[in-house]
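What follows is a set of notes on a single structure, which appears directly below.
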Amino acid sequence: MDAIATRLLEPDEPPVFRVEREQGASPFFLTCDHGGRRLPRRLGDLGLPASELERHIAWDIGASAVTSLLAAALDAFAIHQTYSRLAIDCNRDPSVETSIVTVSELTEIPGNRGLSAEARRMRAAEIFEPYHRRITAELETRKAGERPTVLIAMHSFTPVFKGVTRPWHVGVLYNRDPRFAHALKALLEAEGDLVVGDNEPYAISDLSDYTIPVHGERRGLPHVEIEIRQDLIAETAGQRAWADRLARLLPEARRRFPAAAA
Ligand SMILES: [Zn+2]
């Protein structure tokens with residue numbers, strides 16, 4: 001062997017995901033694919049200044065904190081990815097070119113340019129795959145135990161994207177099965193103080209997404225991806241308010257969901 005790295009992460013680097021409420025009794029199952037902004041030491045800063053690595057291009061600001069508070073309020077299993085989506089996007093199939101972005105919003109990512117197949121493979125094998133294996137294992141355990149599961153994929157979005165201001169406070173996202181998303185959307189709208197996006201600011205697709213298509217749709221689990229605007233959850237008070245709101249509305253959405261037994 002020569003000196004070429006065969007591993008991306010060194011043994012002393014933190015795990016690539018964090019699980020909370022492993023024994024949580026709730027039917028809700030929370031994922032936070034873009035919760036972290038750590039970079040593997042070997043990747044350095046990807047050629048970016050610190051200011052870029054703190055921005056939404058690196059992670060979903062506030063999403064992990066809301067997910068933790070929501071998991072506590074519901075007694076729900078939650079899993080958080082701890083590494084930055086700039087290393088690899090854990091909500092995108094690794095075979096898709098943009099799973100490792102070379103441009104995010106308007107920022108070029110020098111450290112992601114011209115990667116070898118081996119460099120791409122290591123990022124998928126050491127960051128993406130262990131995270132999704134853990135989700136799969138947990139969902140299999142729940143299935144074997146005939147435990148009801150509703151998959152909630154937690155995300156946050158930037159208030160201004162490429163210079164355009166976004167009007168929504170929150171969005172419910174789905175692709176083939178809108179049922180749970182629409183049950184939640186009706187409740188969010190009934191709150192009276194929210195502009196609710198219906199597949200806004202993004203819509204889910206097999207190419208742009210992974211968690212909902214693979215773990216939700218293919219398993220036939222009720223599901224929704226929730227996108228909260230980042231300025232609303234950048235601070236603790238907003239994070240608490242959103243966790244409280246969702247802890248109140250999600251069980252109600254499940255009661256209203258047509259296949260409530262699921
Ligand atoms: Zn996200």
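The values are calculated or read from the model by the stated rules, or taken from the named source; none is laboratory data. Since we're looking at a predicted model, the values are computed, not measured. Cβ placement follows ideal geometry from the backbone for every residue including glycine, while neighbour counts extend to all protein chains displayed. Protein only, heavy atoms only, side chains kept; ligands, DNA and RNA dropped before computing areas. Shrake-Rupley method; radii C 1.70, N 1.55, O 1.52, S 1.80 Å.
Read through the list (1) within 17 Å of the chain's Cα centre (by Cα); (2) of a type outside the set (Ser, Thr, Tyr); (3) under 30 Å from residue 253 (Cα atoms), then give the number of the only condition that residue 73 fails.
Exception for residue 73: condition (1).
Looking at (1) within 15 Å of the ligand (Cβ to nearest atom); (2) at pLDDT 95 or above; (3) open to solvent by 20 Å² or more (accessible area, probe 1.4 Å), which is the one condition that is false for residue 247?
(1)
Can you pull out the residues in region 180-213 that are more than 15 Å from the chain's Cα centre (by Cα), assigned to a helix (DSSP H, G or I) and surrounded by 16 or more Cβ atoms within 10 Å (Cβ to Cβ)?
Hits for region 180-213 are 180, 181, 182, 183, 184, 185, 187, 188.
If we scan region 34-45, do we find a residue that is farther than 22 Å from residue 208 by Cβ and within 16 Å of the ligand (Cβ to nearest atom)? Walk me through how you get there before you give the answer.
From region 34-45, those farther than 22 Å from residue 208 by Cβ are 38-45; that's our starting set.
Narrowing the set further to residues that are within 16 Å of the ligand (Cβ to nearest atom) leaves 38.
Scanning region 34-45 turns up at least one residue that is farther than 22 Å from residue 208 by Cβ and within 16 Å of the ligand (Cβ to nearest atom).
Does residue 73 fit the bill of being touching an Asp or Glu at 6+ places or on another chain (Cβ under 8 Å), more than 12 Å from the ligand (Cβ to nearest atom) and in a helix (DSSP H, G or I)? Steps first, please.
Details: touching an Asp or Glu at 6+ places or on another chain (Cβ under 8 Å): yes; more than 12 Å from the ligand (Cβ to nearest atom): yes; in a helix (DSSP H, G or I): yes.
In short, yes.
Which members of region 66-100 meet the condition of being in contact with a helix residue (DSSP H, G or I) (Cβ under 6 Å, 6 or more places away or on another chain), closer than 20 Å to residue 39 by Cβ and open to solvent by 10 Å² or more (accessible area, probe 1.4 Å)?
Those that are in contact with a helix residue (DSSP H, G or I) (Cβ under 6 Å, 6 or more places away or on another chain), closer than 20 Å to residue 39 by Cβ and open to solvent by 10 Å² or more (accessible area, probe 1.4 Å): 89, 92, 94.
Answer with yes or no whether residue 149 is away from the ligand (no atom under 16 Å from the Cβ) and touching a residue at least 60 places away in the same chain (Cβ under 8 Å). I'd like the intermediate steps shown before the answer.
Numbers: away from the ligand (no atom under 16 Å from the Cβ): yes; touching a residue at least 60 places away in the same chain (Cβ under 8 Å): yes.
Yes; evaluated as a whole, the condition is true for this residue.
Is it the case that residue 157 is within 15 Å of the ligand (Cβ to nearest atom), farther than 30 Å from residue 196 by Cβ and at pLDDT 95 or above?
no
In region 230-260, which residues are outside any loop (DSSP other than H, G, I, E, B) and without any contact (Cβ under 8 Å) to a residue 60 or more places away in the chain?
So the first thing to find is which residues in region 230-260 are outside any loop (DSSP other than H, G, I, E, B), and the list is 230-232, 236-256.
Once the filter is applied, which keeps residues that are outside any loop (DSSP other than H, G, I, E, B) and without any contact (Cβ under 8 Å) to a residue 60 or more places away in the chain, region 230-260 yields 237, 241, 245, 248, 255.
Looking only at region 214-229, which residues are assigned to a helix (DSSP H, G or I) and buried (at least 21 other Cβ atoms within 10 Å of the Cβ)?
Matches in region 214-229: 215, 216.
Under 6 Å between Cβ atoms, which residue pairs at least 6 apart in sequence (or on different chains) link something in region 111-137 that is under 15 Å from residue 92 (Cβ atoms) with a partner that is open to solvent by 50 Å² or more (accessible area, probe 1.4 Å)?
Going by the 6 Å Cβ cut-off, the qualifying pairs are 112/102; 131/17.
With the requirement that a residue be open to solvent by 60 Å² or more (accessible area, probe 1.4 Å) and over 19 Å from residue 136 (Cβ atoms), what does region 11-28 give you?
11, 12, 25
Give the residue, chosen from 6, 31, that is β-branched (Val, Ile, Thr) and within 16 Å of the ligand (Cβ to nearest atom). Steps first, answer last, please.
Working: 6 fails: within 16 Å of the ligand (Cβ to nearest atom).
The match here is 31.
Quick one: in region 29-65, which of the residues that are charged (D, E, K, R) and open to solvent by 10 Å² or more (accessible area, probe 1.4 Å) is nearest to the chain's Cα centre (by Cα)? Spell out the reasoning first.
Of the residues in region 29-65, the ones charged (D, E, K, R) are 33, 37-38, 41-42, 45, 52, 54-55, 60.
So of that shortlist, the ones also open to solvent by 10 Å² or more (accessible area, probe 1.4 Å) come out as 37-38, 41-42, 45, 52, 54-55.
Details: 37: 12, 38: 15, 41: 23, 42: 24, 45: 22, 52: 20, 54: 17, 55: 16 Å.
Looking at residues that are charged (D, E, K, R) and open to solvent by 10 Å² or more (accessible area, probe 1.4 Å), I get 37.
Tell me, which residue of region 101-136 that is within 16 Å of residue 45 (Cα to Cα) and β-branched (Val, Ile, Thr) is most open to solvent (accessible area, probe 1.4 Å)?
Once the filter is applied, the top-ranked residue is 103.
Which of the numbered conditions does residue 146 fail, given that it passes all the others? Conditions: (1) surrounded by fewer than 19 Cβ atoms within 10 Å (Cβ to Cβ); (2) touching a strand residue (DSSP E or B) at 6+ places or on another chain (Cβ under 7 Å).
Residue 146 satisfies every listed condition except (2).
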